[in-house]
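Q: Please read through the structure below; I'll follow up with questions.
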Amino acid sequence: MLSSPDLSTYTNLVIVCCHAIYLGSRSTPDADPYDEIAWLLQHFQKSTATKQSEHETFIHHVTTGLNMTRTGAWRNKSILVISGGRTKRNITELSESESYYHALLHTSDEVRSHAQQAFTAGTLLLEEHATDSYQNLLFSIIAFRKRTGRYPGSIRVVTHAFKARRFLELHANAIRWPKKSITVSGIDPPMDWDEYTVTTSGEASKGYMPWTDDPHGVRNVLSEKRRARGWDPTVKVLLAQGLESSVQDLVHWNGGLEGNLPFPQEKKLVWELDCHADGL
């Protein structure tokens, strides 16, 4: 029987952002996450005559996140949070995060063993509420806090490389996370020049820009995307439970009277004062 780890050494947070749902489960051990048909994919994520399906990139994301917590400088220092909500409720109640965990279990015997050990030890957590990249970041920080009793000293986000600016310039700034304490490990799908041009242009106009005047994602365009992905605002009560008052206020922040105002500067967040601060 594995002993519980000493969480005092776990100061780092690795976030894997989910982008789809793998349909294999613990009861289907023969399922193959490398089979495109085993995934619920958006049309732009699917394979065509000229491009590969993106599901293998998603496997790369989650296996990379797991490896970060067990090898190299962050070994035995990191909590892995797989972040993604129930975005396809009309088809399945399975969350993106749980489905990615199932993909780990089906990838290889070695990966399955490491994933199961981390999940049992509580150093691999499933964040099952996020419906966009801002929520991926904030809700994963909250999951770390509730597991360890404090906030992470450093964060590494595993997602698409073309989304790095969105996290580093916009989301981290919106929650006032220290700039020196967050990095992005970006992994893009294979792309030729035309695909790269279309993808980066689309990210700039549809991924990055909407957040520049709606930093917390509460106005029409971004809030509608959340609703379409199954977001339930009442979950914020559960997420905020047991947190410091300023962090609770951040979770519930609705952009003020204008709907796009930043979180008030006078409300100091715990991580602004001390990234390693113990929770109350």
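The values are calculated or read from the model by the stated rules, or taken from the named source; none is laboratory data. On a predicted model such as this, the values are computed, not experimentally measured, just so you know. As a convention, Cβ positions derive from the backbone with ideal geometry for all residues, glycine included, and neighbour counts pool all protein chains shown.
Q: Restricting to region 251-263, give me the number of residues that are modelled with pLDDT of 95 or more and either under 18 Å from the mean Cα position of the chain (by Cα) or farther than 22 Å from Leu126 by Cα (or both). Give the steps one after another, and end with the answer.
A: First pass over region 251-263, keeping only residues modelled with pLDDT of 95 or more: 251-253, 263.
Applying the additional criterion that residues be either under 18 Å from the mean Cα position of the chain (by Cα) or farther than 22 Å from Leu126 by Cα (or both) yields 251, 253, 263.
Qualifying residue count for the region: 3.
Q: If Ala31 satisfies all but one of (1) in contact with a His (Cβ under 7 Å, 6 or more places away or on another chain); (2) closer than 24 Å to Gly230 by Cα; (3) in a loop (DSSP other than H, G, I, E, B); (4) not acidic (Asp, Glu), what's the number of the condition it fails?
A: (2) is the only condition that Ala31 fails.
Q: I need the helices (runs of 4 or more DSSP H) fully contained in region 172-280, keeping only those with at least 2 residues that are in contact with a helix residue (DSSP H, G or I) (Cβ under 7 Å, 6 or more places away or on another chain).
A: Output list reads 193-202, 209-212, 220-228, 235-240, 245-252.
Q: Answer yes or no as to whether Lys163 is in contact (Cβ under 8 Å) with a residue 40 or more places away in the chain, surrounded by 14 or more Cβ atoms within 10 Å (Cβ to Cβ), touching a helix residue (DSSP H, G or I) at 6+ places or on another chain (Cβ under 9 Å) and part of a helix (DSSP H, G or I).
A: yes
Q: Take Asp109 and tell me if it is of a type in the set (D, E, K, R), modelled with pLDDT under 95 and out of contact with any helix residue (DSSP H, G or I) (no Cβ under 9 Å at 6 or more places or on another chain).
A: Criteria met by Asp109.
Q: If you don't mind, there's one more thing I want to ask. Would it be correct to say that Tyr100 is of a type in the set (Phe, Trp, Tyr), under 18 Å from the mean Cα position of the chain (by Cα), over 17 Å from Ile187 (Cα atoms) and not in a strand (DSSP E or B)?
A: Taking the combined requirement at face value, the residue does not satisfy it.
Q: Could you look through region 45-68, keep only residues that are in contact with a Leu (Cβ under 8 Å, 6 or more places away or on another chain), touching a residue at least 40 places away in the same chain (Cβ under 8 Å) and not hydroxyl-bearing (Ser, Thr, Tyr), and pick out the one that is surrounded by the fewest Cβ atoms within 10 Å (Cβ to Cβ)?
A: Met68
Q: If you don't mind, there's one more thing I want to ask. Filter region 166-181 down to residues that are surrounded by 15 or more Cβ atoms within 10 Å (Cβ to Cβ) and in contact (Cβ under 8 Å) with a residue 40 or more places away in the chain and give me whichever is nearest to Asn12 (Cα to Cα).
A: This residue is Ser181.
Q: Exactly one of these conditions fails for Ser246: (1) surrounded by 14 or more Cβ atoms within 10 Å (Cβ to Cβ); (2) hydroxyl-bearing (Ser, Thr, Tyr); (3) closer than 30 Å to Ile91 by Cα. Give me its number.
A: In the conditions (1) surrounded by 14 or more Cβ atoms within 10 Å (Cβ to Cβ); (2) hydroxyl-bearing (Ser, Thr, Tyr); (3) closer than 30 Å to Ile91 by Cα, Ser246 misses (3) alone.
Q: Can you name every residue in region 105-137 that is under 16 Å from the mean Cα position of the chain (by Cα) and under 17 Å from Met68 (Cα atoms)?
A: The answer is Thr123, Leu124, Leu125, Leu126.
Q: Within region 36-76, can you find the residues that are assigned to a helix (DSSP H, G or I) and among the charged types (D, E, K, R)?
A: Here is the first cut: in region 36-76, the ones assigned to a helix (DSSP H, G or I) are 36-38, 43-45, 55-70, 72-74.
Glu36, Glu56, Arg70 - these are the residues of region 36-76 that are assigned to a helix (DSSP H, G or I) and among the charged types (D, E, K, R).
Q: Within region 110-152, take every residue that is part of a loop (DSSP other than H, G, I, E, B) and touching a strand residue (DSSP E or B) at 6+ places or on another chain (Cβ under 7 Å) and give me the one that is surrounded by the fewest Cβ atoms within 10 Å (Cβ to Cβ). Lay out the reasoning, then the answer.
A: Kept after step one, since they are part of a loop (DSSP other than H, G, I, E, B), are these residues of region 110-152: 122-123, 128-132, 149, 151-152.
Checking which are touching a strand residue (DSSP E or B) at 6+ places or on another chain (Cβ under 7 Å) leaves us with 123, 130, 149, 152.
Working: Thr123: 23, Ala130: 29, Gly149: 13, Pro152: 26.
Within region 110-152, the match that is surrounded by the fewest Cβ atoms within 10 Å (Cβ to Cβ) is Gly149.
Q: Does region 93-116 contain any residue that is closer than 20 Å to Gly230 by Cα and among the aliphatic types (A, V, I, L, M)?
A: yes
Q: While we're on this one: Can Ile82 be described as aliphatic (A, V, I, L, M) and either touching a Cys at 6+ places or on another chain (Cβ under 6 Å) or surrounded by fewer than 20 Cβ atoms within 10 Å (Cβ to Cβ) (or both)?
A: Criteria not met by Ile82.
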